[in-house]
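What follows is one structure encoded as C-alpha cells, with my remarks underneath.
Every read-out reported here was derived from the displayed coordinates using simple, explicitly stated rules and does not represent laboratory data. What you see is a predicted model, and the numbers here were worked out from it, not measured in a lab. Cβ sites come from the backbone with ideal geometry, for glycine too, and all protein chains shown count toward neighbours.
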Amino acid sequence: MYCLKDRAKTFPELIEKAQFVLTDRPLEMDEKAEKNLDTVSIGILNELTPQLQNASWNRDTLETIANELAEAHDTKFGKLAGPLRAALAGRAVTPSVFDMMLVLGRDETIARLQEATN
C-alpha cells in the first residue's frame, strides 16, 4: 500500500494501481507494454535476472544493479524502466519498478522477468 496510496484518490484507482500484484502469471501485456519488450530490451533483462538472484533485496541494491546495467549499455535507467514495467506488470504505466520488485519479492520478480524474456 505504501507505494500506491499517494497516487490513488479513490478505491477503484487503488485497485487499478495494485493490479500488478493482484494478477497471476502469465501476464497479459497491454499494447504499449509489448512494444517495450523488443529484442534489445529482452537481452538486457536477461542480463539483469541473474544479477537479482543473489542480491540483497532492498531498494538501494536494486537501484544500484539496474543503474549499473543501464550504464553498461550506455543508456539511462529510464530506457530500462519501460521493459521492466512490461515484464513485472504487463503494463506501460505502473508504480515504481523498484516498489513493484519489493512488493512482489525476489522469486516472483525473477519468475516474471524470465517469463517475459522467453
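Short version: ³J(HN,Hα) in whole Hz for each residue of the range 56-67, in order, from phi by Karplus 6.51 cos²θ - 1.76 cosθ + 1.60 (θ = phi - 60°), x for Gly and Pro, what are they?
5, 8, 9, 4, 4, 5, 4, 5, 4, 4, 5, 5
For Rg and Dmax of the Cα atoms in Å, the listed values are (1) 13.6, 41; (2) 13.8, 45; (3) 17.1, 55; which was obtained by calculation from the structure presented?
Comparing each candidate, only (1) matches the computed number.
Only Cα pairs within less than 10 Å get springs; with that Gaussian network setup on the chain, which residue of ASP74, ASP24, ASP38 has the largest fluctuation?
Of the options given, ASP74 has the highest mean-square fluctuation.
Under the rule of at least 5 residues apart or a separate chain, name every residue whose amide H is placed under 5 Å from the amide H of HIS73.
Result for HIS73 returns nothing.
DSSP loop trypsin sites (Lys or Arg not before Pro) in the range 24-97 with at most 16 other Cβ atoms within 10 Å of their Cβ, which ones?
Values: sites: LYS32, LYS35, ARG59, LYS76, LYS79, ARG85, ARG91; in loops: LYS76, ARG91.
Here the sparse-neighbourhood loop sites are LYS76.
Give me THR64, THR39 sorted ascending by neighbouring Cβ count inside 10 Å, so fewest comes first.
Values: THR64 13, THR39 7.
Ordered from fewest to most neighbouring Cβ atoms within 10 Å, THR64, THR39 come out as THR39, THR64.
Given the -39500 (n - 2.57) contribution per DSSP H run of 4+ residues, what per-residue ellipticity at 222 nm results for the chain, rounded to the nearest 500 deg cm²/dmol? Kindly include the intermediate steps, with their values, before the conclusion.
On the way: 7 runs with 80 residues, N = 118.
It comes out at -21000 deg cm²/dmol, rounded to the nearest 500.
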